[in-house]
Structures are given as C-alpha cells and as structure tokens.
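A.B. asks: Quick one: the structure is below, and I'll ask about it shortly.
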Amino acid sequence: MKKSILITGVIIITLFVLGFFLFEEDFSEEVFSDEIVYVIDNGESVEKYTLKIEGSTVFSLFKELDIKTTETWHNKYGVFIESIGGVENGIDNKYWQYWVNGKLGEVAANEKNVRGGDKVEWKFEEPF
C-alpha cells in the first residue's frame, strides 16, 4: 500500500515537472516588474528593447524608442500603423499587428496602455 502511494506520488511529480517544461511560456528572458520589453519582428530580423517607462501606450513607445513609423489616424478608431522602419503594410499580404503578453491587440495601439512587466511585440505577418 505504501509502495503504491509512493509510486503514485513520484508519477504525479514527474508529470507536473514535465508539464511545466512542455507547456511553459518563454521564461528565458527575465522581465522585471518595472520594465517593458518591446520587440519588433519584421519577418527577417528581430529588434528587442527594454524600457522603464510607466504610463505609456503601445504606440507612444515608438516615440520613446525613436523608431520611424508611418501611421493613419482615424477619429473613431485611433491610430493605424502603416509602416515600421520602412517596412510597409501589404507586402506579400502581410501587415503590422501588435501583441501584448501574447494576446493580439483588440484596440488601436494608441488606446492600449502598457505597464512594467508587459511584453509588447509588433509582428509583420498575414492577418489572422
């Protein structure tokens, strides 16, 4: 009886540890609670920045990083990014989309607030 409980315990712990490594997010980059990681992936190269800026939006961080963008402002919807670093929307049916903490943006970039601990990614890819 004690042997079967011990074996069951070892199996449960082993499965837990394996599950952690198989389904973990990318913990290889440590993000401190007061830092924002900002990534720009144009499909050919990836640039990564680490910022300590509070009270910012996904869009306002471009100005802090001095990254060249072109955008269109819509009164009702907010800002629409047309290009980042000279890479323009529509090439090979790819467009700039932003993600915060692994979730696709649901509002305009100027409406999405970010805070320390967040990871912002701009990806140039086909829309979902």
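Values quoted throughout were computed directly from the atomic coordinates according to the rules given, and no laboratory measurement underlies them. It should be emphasised that the depicted structure is a prediction, and the values quoted were computed from it without experimental measurement.
A.B. asks: When a/c is below 1.5 the answer is rounded, else prolate if a/b is larger than b/c, else oblate, so apply that to region 36-125 with a ≥ b ≥ c taken from the square roots of the Cα gyration tensor eigenvalues. Write out the running numbers ahead of the final one.
C.D. replies: On the way: a/c = 1.57, a/b = 1.19, b/c = 1.32.
Since a/c reaches 1.5 but b/c is at least a/b, the shape of region 36-125 is classed as oblate.
A.B. asks: Among the DSSP beta bridges whose two residues both lie in region 36-125, what percent are antiparallel, rounded to the nearest 5?
C.D. replies: DSSP beta bridges in region 36-125 are roughly 85 percent antiparallel.
A.B. asks: Additional query: Any of K48/K119; K52/K112; K48/K68; K68/K103 with alpha carbons more than 19 Å apart? Name them for me.
C.D. replies: Numbers: K48/K119 10 Å; K52/K112 17 Å; K48/K68 15 Å; K68/K103 24 Å.
In this structure, K68/K103 exceed 19 Å between Cα atoms.
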